[in-house]
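A quick write-up on the structure given underneath.
What follows draws every value from the coordinates through simple rules; no lab data is involved. Here the structure is a predicted model, which is why all the values come from computation and not from measurement. We place every Cβ from the backbone using ideal geometry, glycine too, and count neighbours over all the protein chains shown.
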Amino acid sequence: MDKYVLEYLWLDGYTPVPNIRGKSQVKEYKSFPTLEQLPKWGFDGSSTKQAEGKSSDCVLKPVAVFPDSSRRNGVIVLCEVMMPDGETPHPSNSRATILDDENTWFGFEQEYFLFQDGRPLGFPQDGYPAPQGPYYCGVGYKAVGDIARSIVNEHLDLCLDAGINHEGINAEVAKGQWEFQIFGKGSKKCADQIWVARYLLERLCEKYGIDVEYRCKPIKGDWNGSGMHANFSTEHLREKGGKEYFDALMAKFGENVEEHIAVYGPDNHLRLTGLHETQSIDKFSHGVADRGASIRVPHSFKNADYKGYLEDRRPNSQGDPYQIASRILKTISEVPIS
């Protein structure tokens, strides 16, 4: 029997976007534990805005498990928060609002800034660096600085070791801004992995004295904000699609603009201005290869008789991917399938 360090992760009750919390326990197993072998656990919900002190017990229900290569016999246990009965989802449990569907696929493009001493990594102490232009997918010290690439590469390795389905990383348009992309088959899988990847990035940056800044517009002025573009596809979109269904789907997205914006991340009005590859927050549009539209339609989608995937460009970098996925699927469910 070997001792394994189990790091239980959950989302707290802060709004509009929760924070990741984590605590460890040590247990013995013959080999790396399966999800079924992991016990439920508890925590003090009064310290995370999920309960009152007079009745503070909340339950952690394991829903996914990942190896943690940063430590010997490390295990990351992603959990849903449940009420004391262990079966009823807590009101803060946004994951539980997503209907399980292995045929729904999501891909999230997580943008973020690396911050040090209250400013983006690579910004001078006073003023600003050179304007945007050389930083996107940039190479060299002037473009990306001295430690950023070390951080993002180490983060990628940690995620790949954990079995997270990264599809790429790159420096983004603004100085100190980066992105990683994750794809998952199943309505909850990609969102699960985004949260674990966020955790790994924030924990990694502790040793560098760097903060991860997810706010969508942390720098005022002519600098790109940070998004979390949501690429989505259902079995019907991939297998049947069609112009008539696509038009009905876009009409329904247009009817639910306020409902989508409400869960697409805070302060999105600062980012969705109609500039910097965005549509205005109060408008809805779609267009083929149009990065200034609310929903970008890939050429491959149109060329395949409106079959494949679509990209909602409105979610921002600080949004909760569970809430985003849940809202997208709710809107899709409102469109009849013939």
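Given springs between every Cα pair under 10 Å in a Gaussian network model of the chain, which of Arg291, Arg72, Arg314 has the largest fluctuation?
Arg72
Tabulate in residue order the Karplus-calculated ³J(HN,Hα) for segment 90-99, using 6.51 cos²θ - 1.76 cosθ + 1.60 with θ = phi - 60°, rounded to whole Hz; enter x for Gly and Pro.
3J(HN,Hα) across segment 90-99, in whole Hz: 5, x, 7, 7, 6, 4, 5, 7, 8, 6.
Set the Förster radius R0 to 45 Å, insert the Cβ-Cβ distance between Glu244 and Cys137 as r into 1/(1 + (r/R0)^6), and round the FRET efficiency to 0.05.
0.70
Give me the dipole magnitude in Debye, nearest 20, for segment 2-90 about the Cα centre, with unit charges on the beta carbon: positive for Lys and Arg, negative for Asp and Glu.
Approximately 300 debye in magnitude.
Work out from phi, with θ = phi - 60° and the Karplus expression 6.51 cos²θ - 1.76 cosθ + 1.60, the ³J(HN,Hα) of each residue of segment 40-47, listed in order in whole Hz, and give x for Gly and Pro.
5, 9, x, 7, 7, x, 5, 9
Got the relative contact order for the chain handy, in percent, Cα pairs under 8 Å and 6 or more residues apart?
That works out to 16 percent.
Dipole of the chain, Cα-centred, from +1 at each Lys and Arg C-beta and -1 at each Asp and Glu C-beta, to the nearest 20 debye?
Using only the charged Cβ atoms, the result is roughly 280 debye.
Classify segment 2-90 from the C-alpha gyration tensor, please: rounded if a/c falls under 1.5, else prolate or oblate depending on whether a/b exceeds b/c.
Prolate.
Ala130 to Leu270: FRET efficiency via 1/(1 + (r/R0)^6), r the Cβ-Cβ distance, R0 35 Å, to the nearest 0.05?
It comes out at approximately 0.95.
In whole percent, what relative contact order does segment 173-275 give with Cα contacts below 8 Å and a gap of six or more residues?
This gives 25 percent for segment 173-275.
Using modelled amide H (1.01 Å from N, peptide plane; none on Pro or chain starts), what sits under 5 Å from the amide H of Gln318, excluding residues fewer than 5 places away?
Amide H to amide H, under 5 Å and 5 or more residues apart or across chains, Gln318 pairs with Cys216.
Run the helix sum for the chain: -39,500 (n - 2.57) per DSSP H stretch of 4+ residues, divided by residue count, reported at 222 nm to the nearest 500 deg cm²/dmol.
Theoretical 222 nm ellipticity from helices: -6500 deg cm²/dmol.
When we measure straight from the Cα of Lys330, which aspartates and glutamates land under 13 angstrom away, once same-chain ones fewer than 8 places off are left out?
Counting by Cα, and skipping residues close in sequence, Lys330 has these aspartates and glutamates nearby: Asp100, Asp101, Glu255, Glu259.
Once both labels are modelled 7 Å past Cα along the beta-carbon direction, what's the Ala289-Lys49 spacing in nm?
Between Ala289 and Lys49, the label points sit 4.4 nm apart.
Specify the inter-centroid distance of segment 265-299 and segment 131-178, based on alpha-carbon positions, in whole Å.
One Cα centre to the other: 24 Å.
Round to a whole angstrom and tell me the spacing of the C-alpha centers of segment 179-243 and segment 94-110.
What the calculation gives is 12 Å, centre to centre.
Give the cross-link partners of Lys240 among the aspartates and glutamates, using a straight C-alpha distance below 13 Å as the criterion and excluding same-chain residues fewer than 8 apart.
Asp305
For Tyr264, which sequence-distant residues (separation of 5 or more, or a different chain) have an amide H within less than 5 Å of its own amide H, given hydrogens modelled in the peptide plane?
none
What's the extension gain from Ser69 to Ser150 if we count 0.36 nm per residue and subtract their Cα-Cα distance?
Between Ser69 and Ser150, full extension yields an extra 27.5 nm.
Can you tell me, using C-alpha contacts under 8 Å and at least 6 residues apart, the relative contact order of segment 2-90 as a whole percent?
Relative contact order, segment 2-90: 30 percent.
Give me the dipole magnitude in Debye, nearest 20, for segment 224-282 about the Cα centre, with unit charges on the beta carbon: positive for Lys and Arg, negative for Asp and Glu.
180 debye
May I ask which residue of Asn165, Trp10, Cys79 lies farthest towards the positive end of the charge dipole of the chain, with charges of +1 (Lys, Arg) and -1 (Asp, Glu) on Cβ and the Cα centre as origin?
Asn165
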